[in-house]
Structures are given as C-alpha cells and as structure tokens.
Amino acid sequence: MKKITKGILLLFLSTILLAGCGQQSEQEDRVLHVGYSGSLCEAPVHMAQEKGFFEQEGLKVELVKLAPGTQFEAVTAGQIDASFGLLASLIQPLSNGLPIKITSGLHTGCDKLLVPQDSSIHTAADFKGKRIGVPSMNSSPIIFTKRFLADQGLNVTEKNPDVEFVVFSAGELPLALQNGSVDAVAMNDPAASVAIRDNGLTAVADSAVTAPYNEQYCCTAYVSEKLADDAPELAAKYTRALQKASKWVAEHPEESAQIQVEKKWVPGDPAFNAKILKTYNYIPSYQGAYDAFAITAKQMQHVGMLDSGIDVTGLQKESFFVFKDKDGII
C-alpha cells in the first residue's frame, strides 16, 4: 500500500511539473501584439523595439499599427495585448468596462490650449464667452482644457457653460482658428507644437509646463485584462521594457527623435521633434500614474465628464495591474 501511495504521489507531482513546464514554454513562445498609432510621444514603444528592451525582457513582440481612435476596439476584439495611451482618455471608457489594466505612467505633457499671438486672451478668465476648437468631446485635450478652466473658476459643465466647445478634425483646428470659427484650440503634440511654429500660436496652458499639471502623468502603458489574468509575467516584462525605454528617451532625446524619423515611426524634423520630447518628463512611475488617475477622475466628475455616482477610489484600484512583489517595476 505504501508503494502504491508513493507511486501515485510521484505521478501527481510529475503531472504538475509537466503542466508547469508546458505553461512556461507556452509563455516563452507567445508573441505579444502591441498596438501603436505612430505619435511622437509614443517614443518608449518605438525605442523598446529599436534599442532591444523588449528582447532584453525575453519578449517576442509584433507591433500593430492602428488607425487613430481604434485602440479600444482593437484591445476589446483581442487584436492587441498591450498598448500606450493617454491617461485622461482612458478613465471614462474604464468606467464603462474597457477590459484593460494600466501598468505604468511613462511621461508628463502632451496637451496644449492655444491662441493666436495677437489674441486678447491671456488668462483663463479671458475665455469667458469664447469658442474653443477641440478634436473630440472626449479627447485628452478637452479634458485638460476643462480641468484648467474649471480650476480657475469657469463653468465648463453642460449647464450654462462659460465657454463653448466646437469639434473639428485635428488637421482643421489651426485653420478654424485662423478663419475666426473659434477663438482658441486645444490640441495634442506634436500637432500643437507644429501649430505654434507654423501658425504663430501661443500656449495659454501647456500640460508639460503649467503647474500642477506638469507633475501629473499624461501617458501610460497598459495591457489587456486577459493578458494580466492569463500571463501576468508577460505583463510585467512588457511594463519593464517600456519603463527602461522611457528612461532611455529621457537620457537620449536627440537620438530618439532621430531614430523615430529615420525608421519612419513618425514624420517631421528630428531636431524639432527632439525639442518637443525634452519638454516631457520621461521618468516612468507606476505610482505616478496611480496618483494622477485619482486627481484627473475627480476633476472629470467635477466638470461633468465622468458620472458623479462612480466610486473613483474603487475605479482607480480596479483599473491598475498589481504586480507581485513589484517585479522590478518602478
């Protein structure tokens, strides 16, 4: 009987070991599909590929180019496992069940509120009664603009607002400002910086330099819920790779910009692009993104862009991937 029991135990342990080895092999062979849109500030994704940070983590990665505004559909449909996104634009979809987990903040900056250089608008109070062009009603630029104006005492809710927001395509915003259709525009970089250079605009507010927004993380790394649940080790490796790449961009902005243009990740002039990259704080931080999420979500509730009944603390906890023993994540 003892021999039989011992044999059964050995068989049981062997089965567990074989299953574990099979799962490990499957993890090692899995190709991670990472979505990207080709924006300038997405440099950590580009550099993780070009400088070998994905490879250092033992990841097999396929970069999937996505059309603007299609990332959420791609992750929901299982076309991508991970991506890079604007924190503010993730909050409302997450409250509606977007199946992703944020894993790290990657940098600050990105959004600007612009007016012509000869404009009479100089402060937030000057926007009262004015029209502001935005790329969409739920984009990061409008969220930043509403937060900025509300913090300065203006009403930007739908009920008796002090300002009017008008939607134009991103490419049409400078023209709308030029022909007088709007008094100001809210835009993302690099288009915002290009508009400043080419259209003689000036920033009334810039999330890269205007306090306190310049200390709050703008862009993040995230993974699908499925990846976080089924392969947490891969989620950790992806996050470490992007954090390493983000730090590398901070230390090598000129080379990053040069590689982005040469390898056709983004268009433009490398020297000009490098100046933009230098305005961001590419120091990655899990905690930084976690803290910025709560700040932004509460302000979105205040301006009517997030349901007032949502438990922000609960949403914050549910929206982040908790790493085992931090797994080397900053």
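Going residue by residue through the stretch 145-162, is there one that turns out to be polar (S, T, N, Q), within 22 Å of the chain's Cα centre (by Cα) and open to solvent by less than 10 Å² (accessible area, probe 1.4 Å)?
yes
Residue check, Ala289 against (1) in contact (Cβ under 8 Å) with a residue 24 or more places away in the chain; (2) of a type in the set (Gly, Ala, Ser); (3) open to solvent by less than 50 Å² (accessible area, probe 1.4 Å); (4) in contact with a helix residue (DSSP H, G or I) (Cβ under 6 Å, 6 or more places away or on another chain), all met but one. Which one?
With respect to (1) in contact (Cβ under 8 Å) with a residue 24 or more places away in the chain; (2) of a type in the set (Gly, Ala, Ser); (3) open to solvent by less than 50 Å² (accessible area, probe 1.4 Å); (4) in contact with a helix residue (DSSP H, G or I) (Cβ under 6 Å, 6 or more places away or on another chain), Ala289 is out only on (4).
In the stretch 217-226, which residues are modelled with pLDDT of 95 or more and within 18 Å of the chain's Cα centre (by Cα)?
Tyr217, Cys219, Thr220, Ala221, Tyr222, Val223, Ser224, Glu225
Looking only at the stretch 44-57, decide whether some residue is open to solvent by 30 Å² or more (accessible area, probe 1.4 Å) and either β-branched (Val, Ile, Thr) or without any contact (Cβ under 8 Å) to a residue 12 or more places away in the chain (or both).
Within the stretch 44-57, one or more residues are open to solvent by 30 Å² or more (accessible area, probe 1.4 Å) and either β-branched (Val, Ile, Thr) or without any contact (Cβ under 8 Å) to a residue 12 or more places away in the chain (or both).
Go through (1) out of contact with any Phe, Trp or Tyr (no Cβ under 9 Å at 6 or more places or on another chain); (2) over 30 Å from Thr157 (Cα atoms); (3) open to solvent by less than 60 Å² (accessible area, probe 1.4 Å) for Leu114 and report which single condition fails.
With respect to (1) out of contact with any Phe, Trp or Tyr (no Cβ under 9 Å at 6 or more places or on another chain); (2) over 30 Å from Thr157 (Cα atoms); (3) open to solvent by less than 60 Å² (accessible area, probe 1.4 Å), Leu114 is out only on (2).
Can you tell me which residues in the stretch 181-196 are modelled with pLDDT under 95 and not aliphatic (A, V, I, L, M)?
Listed by number, the residues that qualify are Asn188, Asp189, Pro190, Ser193.
Tell me the strands (runs of 3 or more DSSP E) entirely within the stretch 54-158 that contain at least 3 residues that are over 30 Å from Leu227 (Cα atoms). Show your work before the answer.
Working: elements: 60-65, 82-86, 100-108, 111-116, 131-134.
Those strands (runs of 3 or more DSSP E) span 111-116, 131-134.
Quick one: Gly171 ticks every box in (1) outside any helix (DSSP H, G or I); (2) farther than 18 Å from Cys218 by Cα bar one, so which box is it?
(1)
Take Ile310 and tell me if it is part of a loop (DSSP other than H, G, I, E, B) and touching a residue at least 40 places away in the same chain (Cβ under 8 Å).
yes
Would you be able to tell me the number of residues in the stretch 257-286 that are within 15 Å of the chain's Cα centre (by Cα) and open to solvent by 30 Å² or more (accessible area, probe 1.4 Å)?
Final tally of qualifying residues: 2.
The values are calculated or read from the model by the stated rules, or taken from the named source; none is laboratory data. Bear in mind the structure is a predicted one, so any value in this text is a computation, not a measurement. Methodologically, a virtual Cβ is constructed for each residue, glycine included, from the backbone with ideal geometry; neighbour enumeration extends over all protein chains shown. Heads up: the accessible areas ignore ligands, DNA and RNA and are worked out on the full protein's heavy atoms, side chains in. Shrake-Rupley method; radii C 1.70, N 1.55, O 1.52, S 1.80 Å.
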